[in-house]
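The values are calculated or read from the model by the stated rules, or taken from the named source; none is laboratory data. Computed from a predicted structure; not experimentally measured. Cβ sites come from the backbone with ideal geometry, for glycine too, and all protein chains shown count toward neighbours. The area values use the complete protein model at the heavy-atom level, side chains included, leaving out ligands, DNA and RNA. Shrake-Rupley method; radii C 1.70, N 1.55, O 1.52, S 1.80 Å.
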Amino acid sequence: MLKRLFGKPEIRKESEETIEELRAQRDELSTLVAGITDAILAIDLEGAPLFYNSQFAVLVGPDRLNQGRSKLLEMIRDPDIVHAYRFSIEEGKIFQLKAVAVSQKDRRKYYSLSVSPLKRPDRSVYGAVGIFHDVTELKLAEQMRIDFVANVSHELRTPLTAIKGYTDTLIADLGAGLPPEPTFLDIISRNVDRLMLLIRDLLDLSTMDSGIDHLIKEKISTEELSARMVAQMQSTFTEKNQSVEVAIGASFVLADLKRIEQVLVNLLDNASKYSPAGGVIHLGWESDGQGDVLLRIEDTGPGISAEHHDRLFERFYRVDKGRSRDTGGTGLGLAIVKHIMQRHGGAVWVQSEPSRGARFTCQFPNEIPTGA
Ligand code: ADP
């Protein structure tokens, strides 16, 4: 009977059209799903997958998918995720999680998760579908902010505690009719200086972070700039009997004057601070052949081993905490240099090995200023 019915040309044509339409809809849907960057997993009441997209396969790793026959618990062991699916199935409601951690091969990623129940037309639940949205970057940025506030509080507390302690002792001594101890006053004064430097650097970084200060790039003579900065810092070098050798391989650089001066001060100050007395510091300008200008500052100090190179430009990162504080460092100098170089569209990097000195290179991109 059916065969006879479909045998009729008009009905066969109609069913062929329906099949074609369904096929087009299916292709459209799979293109849509493939374009979704979020990971999707739908499961049935037993926890077996009904559907997942390629992003989900990346999320759990192909070995854990076990050719699609594994249950939710075998794919994802995180109890929060399992609970979200269970809740959605049992209560027939949406369940959301702000950030769940999923360990992947060599890293940890964070996802926000929204699980919705899958319902038949009669409202009975036959499974649940979850959408995993990658929030790793946000989570890391949040962690960095938390760490930063903790670091700032710690850095401010140390000198403040010293100032408070010595001031209290002085007040007590004076109250008892004792003369003020000069070394105590020295310590207070040093710590006040440190606090002021710290606050200056913090304000500087936050101004640059907020982007409210605009760079005014101009064509700067590298020779004049180098001579001026070396003269300005002469007392720092003289104190340690250090000399500075300047080499000019590129005559001009396009930069914001105030900011490039800050780069030079921070790098020259570090070169002097971390080098032994009597050392030589090299300050060189070169063209890299592509038109970019490279500024190099090299010292003969203790150097920095490779494991620190990546993190050296982070705020408050120090190789040797005690030594940096003894020398009056704020731990923000290189972070400021990095920020300034990024604002110029350039970069800064370090090349160094322990006990073979350190070489910092700043790359200023090639741009022709109008009217230059
Ligand atoms: P700080 O105020 O502590 O000097 P920086 O951000 O300028 O902070 O530098 C970060 C850390 O990098 C320093 O604490 C120091 O350990 C290391 N460092 C920077 N410059 C040099 C250098 N020229 N030689 C050896 N170590 C350096």
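Got a sec? Charge dipole of the stretch 283-336, +1 on Cβ for Lys and Arg, -1 for Asp and Glu; which of G331, I297, L312 is way out at the positive end? Checking the options against the dipole of the stretch 283-336, the answer is G331. Compute the helix-to-body angle for 182-210: its Cα long axis versus the longest principal axis of the chain, expressed 0 to 90° and rounded to tens. Approximately 40 degrees, to the nearest 10. Computed from phi, the 3J(HN,Hα) profile of the stretch 75-88 under the Karplus parametrisation 6.51, -1.76, 1.60 (θ = phi - 60°) reads 7, 10, 9, 5, x, 5, 5, 4, 4, 4, 5, 4, 4, 4 Hz, with x in place of Gly and Pro.
When ligands, DNA and RNA are left out and all protein chains stay put, how many square angstrom of accessible area per residue does the stretch 137-213 have with a 1.4 Å probe?
On the way: 5220 Å² over 77 residues.
Per-residue value: 68 Å².
Give me the percent of the accessible area of the chain that comes from carbon and sulfur atoms, probe 1.4 Å, all protein chains in place. Its accessible area is 55 percent carbon and sulfur atoms. Using a cut-off of 17 Å between alpha-carbon atoms, which lysines can reach K240, once sequence neighbours fewer than 8 places away in the same chain are excluded? Cα-Cα hits under 17 Å: K273. Sorting the segments 11-24, 273-286, 155-168 by their residues' average number of neighbouring beta-carbon atoms within 10 angstrom, most packed first, yields 273-286, 155-168, 11-24. Amide H contacts for V135 (H built 1.01 Å from N in the peptide plane; partners 5 or more residues away or on another chain; cut-off under 5 Å): Y110, Y111, S112.
Counting DSSP beta bridges with both partners in the chain, what percentage is antiparallel, nearest 5?
Of the beta bridges lying entirely in the chain, close to 90 percent run antiparallel.
Taking each residue as 0.36 nm, the span from D78 to E245 lengthens on full extension beyond its C-alpha to C-alpha distance by 54.2 nm.
Remark on S251: its backbone amide H falls under 5 Å from none of the residues 5 or more positions apart or on other chains, H modelled at 1.01 Å from N. Structural descriptor for the chain: relative contact order 10 percent, calculated from alpha carbon pairs under 8 angstrom and at least 6 residues apart.
Calculated FRET efficiency, Q351 to L22, Cβ-Cβ distance, R0 = 56 Å: about 0.35 to the nearest 0.05. Less than 5 angstrom separates the built amide H of I281 from those of S243, V244, E245, all sequence-distant by 5 or more or on a different chain.
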